[in-house]
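A.B. asks: Supplied in structure tokens, the structure appears directly below.
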Amino acid sequence: MNRFSKLRCACLLLMAGVFSVSAMAAGGSRSTSPRPDESDLLAAGFKVLVATTTVQQDWVKSLPPGRIRPMQRTGKKYFIYPDAAKNQIYVGGPQEYEAYRKLHPEIRDEQAAQAAQIAADRASYLKQNKNMETANSRDLSNPFLGASWNDLLGW
């Protein structure tokens, strides 16, 4: 019984170590872009809209905090930044967002890194897709999928 409890303890410690290492790795891979400053948003021309109804307040609280989010409404592109503590959002168009980006050049570096990751993911997908097309065409060219007449007739 003593050996079993030592083994169980060692297994639990190993699992805790693996979990902590994976949590640190996941935390370290996140981008550390600074949170937008409300005064910079106002200086760039963003407008403040206050949520007055409960539906609006719930929507503001449901938005991911700490980042500017692109949005499209009635065919026009907007950029919004939620401030759930004050029940308000900062809204600007493409010109205001471009003015904000000029104030913060580190945003371009982050967006370039995201675009590079998307391009790498797409290239990987296309490579996998090409391999699958090759495998499918090979399978479709053989109607028996590798089965011989002996297998089919049971000889």
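The values are calculated or read from the model by the stated rules, or taken from the named source; none is laboratory data. Just so we're clear, the structure is a prediction, and the values are computed from it rather than from any experiment. Ideal geometry is used to build each Cβ from the backbone, glycine not excepted, and the neighbour counts take in all protein chains shown.
A.B. asks: I'd like the full set of residues that are part of a helix (DSSP H, G or I), modelled with pLDDT of 90 or more and among the charged types (D, E, K, R), limited to the range 71-104.
C.D. replies: Correct list: GLU96 only.
A.B. asks: Moving on to the next point. With respect to the numbered conditions (1) in contact with a strand residue (DSSP E or B) (Cβ under 8 Å, 6 or more places away or on another chain); (2) at pLDDT 85 or above, which one is the sole condition not fulfilled by ARG67?
C.D. replies: Checking ARG67 against (1) in contact with a strand residue (DSSP E or B) (Cβ under 8 Å, 6 or more places away or on another chain); (2) at pLDDT 85 or above, the one that fails is (2).
A.B. asks: Can you name the residue in the range 71-85 that is touching a strand residue (DSSP E or B) at 6+ places or on another chain (Cβ under 9 Å) and without any contact (Cβ under 8 Å) to a residue 12 or more places away in the chain and, of all such residues, is nearest to ARG35 (Cα to Cα)?
C.D. replies: MET71
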